[in-house]
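Scroll down for the structure; my scribbles are underneath it.
The values are calculated or read from the model by the stated rules, or taken from the named source; none is laboratory data. The structure presented is a predicted model; accordingly, all values stated were derived computationally and were not measured. Here the Cβ positions follow ideal geometry from the backbone for every residue, glycine too, while neighbour counts run over all protein chains shown. Protein only, heavy atoms only, side chains kept; ligands, DNA and RNA dropped before computing areas. Shrake-Rupley method; radii C 1.70, N 1.55, O 1.52, S 1.80 Å.
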Amino acid sequence: MMKDFFIAHNRNPNFTGRDQILNDLQTALDSKKSVVLVGPDGSGKTQIADEYARVHVTDYDIRCWIRA
């Protein structure tokens, strides 16, 4: 049961075209694999993580967003 969920920034209304990456991310996480999003600055890593977290918020018992 979800009590609270908070991400420090607003959802990107222009997020689009990353369905395969999101599906691959879900497959990896469902199989209990570790996942690291890598790429150059501005490639959308944070947006992918943000969108996945928002769409799948009820799929997990523990959620945390760490700024690094």
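Rg/Rh for the chain (Cα atoms only, Rh after Kirkwood) is 0.93. Here the spin labels are modelled as points 7 Å beyond Cα on the Cα-Cβ line, and at Ser31 and His9 they lie 3.0 nm apart.
Atom-type composition of the exposed protein surface of the chain places 51 percent of the accessible area on carbon and sulfur (1.4 angstrom probe). Couplings 3J(HN,Hα) for segment 47-59, derived from phi with the Karplus relation 6.51 cos²θ - 1.76 cosθ + 1.60 (θ = phi - 60°), are 5, 5, 4, 4, 5, 4, 4, 5, 6, 10, 4, 7, 7 Hz, where x marks Gly and Pro. Near Lys45, once Lys and Arg are set to +1 and Asp and Glu to -1 for all other residues with Cβ below 12 Å from its Cβ, the sum equals -2.
Computed with every protein chain present, the accessible area of Lys33 is close to 130 Å² [probe 1.4 Å]. In this structure, the amide hydrogen of Asn12, modeled 1.01 Å from its nitrogen in the peptide plane, lies closer than 5 angstrom to no residue at least 5 positions away or on a different chain.
Basic side chains Lys and Arg get +1 at the Cβ, acidic Asp and Glu get -1 at the Cβ, and with that the dipole of the chain about its Cα centre reaches some 140 debye.
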